[in-house]
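A short worksheet on the structure shown next.
The values are calculated or read from the model by the stated rules, or taken from the named source; none is laboratory data. This structure is a prediction, so every number in the text was calculated from the model and none was measured. A quick note on method: Cβ atoms are made from the backbone with ideal geometry, for glycine too, and the neighbour counts reach across all protein chains shown. The accessibility values were calculated without ligands, DNA or RNA, using every heavy atom of the protein model including side chains. Shrake-Rupley method; radii C 1.70, N 1.55, O 1.52, S 1.80 Å.
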Amino acid sequence: METKAKYALVTGGSRGIGKAICIRLAQDGFKVIINYVSNTAEAENTLAAVQAAGSEGEILRFNVADAQATQDAISGWQAAHPGEYISVLVNCAGIRKDNLMIMMPEDDWHKVLDIALNGFYNCTKACVRDMITKRYGRIINIASLSGLKGVPGQTNYSAAKGGIIAATKALAQEIAKRKVTVNAVAPGFIHSDMTSELPEAELAKMIPMGRFGEPEEVADLVSFLASDRAAYITGEVININGGLYS
C-alpha cells in the first residue's frame, strides 16, 4: 500500500473538541491544518499547541458554509503543497442555535444546517477526489447524540447532525473500494464552549457515568479512526456519551 500522506484538516479546529482533535493528531505525527472562520487568537493558540505536541501545523481560514470559499481555500492549499494531499478530514465545524421549533427564526434554521451539513458537503467534496486517487483516506464526521435520538429545542441541530449520520453511511459505501473510510463520532455532553451554559449538575444525573465527557476523550476516538488500525471500519456511527444513549 502507498505510504499515506500525513496531512489532516480539522474544520472548526480552533476551540473545544476541534482543538483537542488537532492536538491529538499532532501527537500522532500528522501535520495539522487548523480551519477557523473568525477567532484568529484561538486559532493561533491551537497552532501553538500543535507545535508544542511536536508536529507542524498551519492555519487555514475559511467559512465551511461557503462553497466557493471552501473550494478556493483547499485548492490554494493543494497548489502550495505539490505532491501532497489531505489524507484525513475531520468535519467538526458546527454551531448551536437552540429554540423550540415554533419560535425558531428561519435564519437560525439555515445557519445551523449551512455550517454542519453543507459544511460537510463542501469540505468533503473538495478533499475526497485526492483520497480516491491515492487510494487512501479517512473522513471522520463529528455528529452528536442530538442527531441520533433528537433533542427538544434542537430541531435544527438534530436535523443537521442526523443528516451527517445518513450521509456518512451512504458515502462510506460509495468509496470503500478505494480504501477511503467514512465514519461518524456522536458525542453526548462534552465539556466545551457549546455546553458551558448547560446545567451540568442536573444533566449529569441522567448520564450513567455521572459526568460530562472531556474533549480529549473524543479526540482519542478520532485518533483511532484516523489510523491504519481502523482500516476495516467504515460507515459506522460510534457513540461517546457515558452510556446516556446506548
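Straight-line reach from LYS19: taking Cα to Cα under 16 Å and skipping same-chain neighbours fewer than 8 places apart, the lysines in range are LYS31. Geometric descriptor of region 152-246, per residue, is 109 Å³ (volume of the convex hull of the Cα atoms).
Computed with a 1.4 Å probe over protein heavy atoms only, the accessible surface of region 142-225 comes to 45 Å² per residue. Of the chymotrypsin sites (Phe, Trp or Tyr not before Pro) found in region 163-239, those that fall in a DSSP loop while having at most 16 other beta-carbon atoms within 10 Å are TYR232. Coupling constants for region 69-76 follow from the phi torsions by the Karplus curve (6.51 cos²θ - 1.76 cosθ + 1.60, θ = phi - 60°), and in residue order they are 4, 5, 4, 5, 5, 6, 5, x Hz; glycine and proline get x. Only lysines eight or more places from LYS161 in sequence, or on another chain, were considered; those with a Cα closer than 16 Å are LYS97, LYS111, LYS149, LYS169. Every Cα-Cα pair of region 9-97 was included, and the share exceeding 21 Å stands at 24 percent.
Fully extending the segment from GLU216 to HIS81 would add 45.7 nm, taking 0.36 nm per residue of separation and subtracting the current Cα-Cα distance. Here volume of the Cα convex hull per residue in Å³ was calculated from the structure, and among (i) 330; (ii) 136; (iii) 122 it sits at label (iii).
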